Amino acid sequence: MYIVHISSELAPVAKVGGLADVVFGLSRELEIRGNDVEIILPKYDCLWYGEIWGLDATYHDLWVPWGGGGVHCTVYFGMVHGRRCYFIEPHSHENYFNRGSFYGSPDDALRFAFFCKAAIEFLLKSGKRPTIIHCHDWQTGLVPVLLWEIYHRMGMHDQRVVYTIHNFQHQGVHGEPVLSGTGLHRPDYYFDRDRLGDDHNPKAINMMKGGIVYSSFVTTVSPKHAWEARYTDQGKGLGHTLSVHGGKFGGVLNGVDYEVWNPEIDRFLPHHYDVWHLDGKYANKEALRERLMLRKDYKPLIAYVGRLDHQKGLHLVRHAMFYALHRGSQFVLLGSSPDPGVNNEFWGLKHHLNDNPDIHIELGFNEQLAHLIYAGADMLVVPSVFEPCGLAQLIALRYGTVPIVRSVGGLADTVFDRDYAPMPFEYRNGYVFDNTDFSAVESAMDRAIGLWYEFPKEFRRLLSNGMVYDYSWNHPAHHYLAIYNHVKAW
């Protein structure tokens, strides 16, 4: 099968969040299964160009209809760790992708509307006719709209679109200029709420909604989150649209790239280990303590790794730090925030706790340190307010680090409480709490810390349970191929 991913991110060349990892990991797994996979991306000026091999212009003269005229583009081809990628570079005074960052410009909606138009124009002009076009998040939501409303009459009538929503928070809500730019010239038609019209702003279109309405199939990144998006406020206003199109909507759990996140081969670890030989894990704990100048003592080490975003339950993260110290544990935090206020708050905590030998706060992103924390920690807290899938808990399980999570989204689909899960003990792999108050996270932490101190053999059995779970891309790829085969038969 010939599959083209159209995405605003791809690890490691253009990575802001989990979207980048998903596109890379799924693409590789689909290729391993014998499919022909390509990826189309914007050619940002801030790409990690050192991760692209053989980057060269392959299509010099792509003219993309835009507004009342056209924009000249060059399309580059390069390999990203074995993935075949096309990068679209527009030559216009707007400099859509020369902003020094991936997102955050006032005209983001127009930038990515242009990317949608350019990507499908490239497929048309280059003669590429994929079986499946797989689009991701609001940035590519107009691709299926353009395909159905314009390009299917121009020779692209056999293509099917699968649309994956990674985060409902950002939906690409914008006004009529998006329509006039892309050539969708009937505002009354497209502003209809059965098409692109935003349900809360009658003067706006919603690019994510367009992706849902016009795609052949829509997924989000875990079964629990699919239910939450449809029936709770986690759909951020799109619950009705998801219900109308419920027959083509479902959740497919994300996977983890075990070529990168694997304690048996991890290039960032001083000591490798596996579920049968755990001495290396304890050696990594000592290495982590040495690196961060933590006290060497008989104490559990609890960690948080991730964005410092209110979605992640920051009030519970802060509380978990102090509660860990209260319960005779150590705590390590690695994270950063785009919000200056949040960053300032955690810098204040760092200065306040700087002399405590049982805690370390590292603000910023350090991939090597992240790997060592996953390997060296005994437990990982993930107290998210909402979490479509979550990769942190999946990585922690692989590294024998017991997750303590809130029962929401993909966390609920992947972590099963040691004491209360309705399944045999060998399938239980962590601790789960339901509410967003301090007592809820304290209860789960109490049980985990108590087991570590009082029943170390049982704690070791629990972490071993987690290590044998398969949260690679093997199962998600199988599900996506089933979806692809389903829609291509239409």
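The values are calculated or read from the model by the stated rules, or taken from the named source; none is laboratory data. This one's a predicted model, so the numbers in the text were calculated from it and none came from an experiment. Neighbour counts are summed over all protein chains in view; Cβ atoms, including those assigned to glycine, are modelled from backbone coordinates with ideal geometry.
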Can you name the residue in segment 238-282 that is aromatic (Phe, Trp, Tyr) and part of a loop (DSSP other than H, G, I, E, B) and is also farthest from the chain's Cα centre (by Cα) among such residues?
Trp276
Arg447: passes all of (1) modelled with pLDDT of 95 or more; (2) of a type outside the set (A, V, I, L, M, F, W, C); (3) over 21 Å from Met321 (Cα atoms); (4) surrounded by fewer than 21 Cβ atoms within 10 Å (Cβ to Cβ) but (3)
Reported set for segment 325-357 where residues are part of a loop (DSSP other than H, G, I, E, B) and farther than 23 Å from Leu462 by Cβ is Ser336, Ser337, Pro338, Asp339, Asn354, Asp355, Asn356, Pro357
The number of residues in segment 218-237 that are of a type in the set (A, V, I, L, M, F, W, C), surrounded by fewer than 22 Cβ atoms within 10 Å (Cβ to Cβ) and either touching a residue at least 40 places away in the same chain (Cβ under 8 Å) or outside any helix (DSSP H, G or I) (or both) is 0
Starting from segment 278-293, keep only residues that are within 21 Å of Val468 (Cα to Cα), then list their pairs with residues that are aromatic (Phe, Trp, Tyr) whose Cβ atoms are within a distance under 7 Å, requiring at least 6 positions of separation or different chains.
Asp279/Tyr273; Gly280/Tyr273; Lys281/Tyr273
Tell me, please, whether a residue that is surrounded by 23 or more Cβ atoms within 10 Å (Cβ to Cβ), within 29 Å of the chain's Cα centre (by Cα) and closer than 15 Å to Ile40 by Cα can be found in segment 163-186.
yes
Could you tell me which residue of segment 69-98 is nearest to the chain's Cα centre (by Cα), considering only residues that are buried (at least 19 other Cβ atoms within 10 Å of the Cβ) and part of a loop (DSSP other than H, G, I, E, B)?
Phe97
Specify which of the listed residues (Leu316, Leu308) is assigned by TED's automatic domain parsing to the domain that holds Ser443, hydrophobic (A, V, I, L, M, F, W, C), in a loop (DSSP other than H, G, I, E, B) and under 26 Å from the mean Cα position of the chain (by Cα).
Leu308
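Which residue out of His478, His486 is part of a helix (DSSP H, G or I) and in contact with a Phe, Trp or Tyr (Cβ under 8 Å, 6 or more places away or on another chain)?
Among His478, His486, only His486 is part of a helix (DSSP H, G or I) and in contact with a Phe, Trp or Tyr (Cβ under 8 Å, 6 or more places away or on another chain).
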Filter segment 411-444 for residues that are in a loop (DSSP other than H, G, I, E, B) and aromatic (Phe, Trp, Tyr); which is surrounded by the fewest Cβ atoms within 10 Å (Cβ to Cβ)?
Tyr420
Which of the residues belonging to segment 360-393 are out of contact with any Leu (no Cβ under 9 Å at 6 or more places or on another chain), in a helix (DSSP H, G or I) and either crowded, with 24+ Cβ neighbours inside 10 Å or not charged (D, E, K, R) (or both)?
Gln368
Quick one: Tyr304 ticks every box in (1) in contact with a strand residue (DSSP E or B) (Cβ under 6 Å, 6 or more places away or on another chain); (2) of a type in the set (Phe, Trp, Tyr); (3) farther than 26 Å from His225 by Cα bar one, so which box is it?
(3)
